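To start, the structure under review is shown below, and the notes come after it.
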Amino acid sequence: MLHLISNAVKFTPPEGHISIRMAAGKPGMIDIVIHDSGIGMTEDQIARALQPFHQIDSSLARKYEGTGLGLALAKRLTELQGGQLLIESICGKGTKVTLRLPGAGTAEIHTLPVKKLPFGHVWPQGATAAK
């Protein structure tokens, strides 16, 4: 899940929005949904990003760093736990990633709004740094 949140931060501009929500999903499942207003992807780009060592922008001058393993690993680890990794995205509009995991199925709905801070740090709204 950390990688999915990290991707939302990496691909969302400073003026963008990121939210994380947990809710009861299908019977016996819990959905953790990470939604951002970032750069988004096409269906072909999603398929490529889910393959190990593949990146959407593989040029030498690419803007975003990474090995191309994150989404492939997240998908595989989720499946090993009996879950699903679902990705919906629109280029230029953002991405919604649902991490569907086996659970009690009676979880309460929780929403955690996240505010993007300078230097790429993410902090829940209303939270303050420990001194």
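None of the figures in this text is laboratory data; all of them are computed from the coordinates on show. Treat the numbers as computed from the prediction; the structure is a model and nothing was measured. No Cβ is skipped: glycine too gets one built from the backbone with ideal geometry, and neighbour counts run over all protein chains shown.
Some observations on this one:
- Full-stretch length increase - Ile90, Lys26 - with 0.36 nm per residue and alpha-carbon distance subtracted: 20.6 nm
- With each label modelled as a point 7 angstrom along the Cα→C-beta vector, the Ala47-His3 pair spans 2.1 nm.
- Label-to-label distance for Glu79 and Glu15 is 4.0 nm, based on points extended 7 Å past Cα in the beta-carbon direction.
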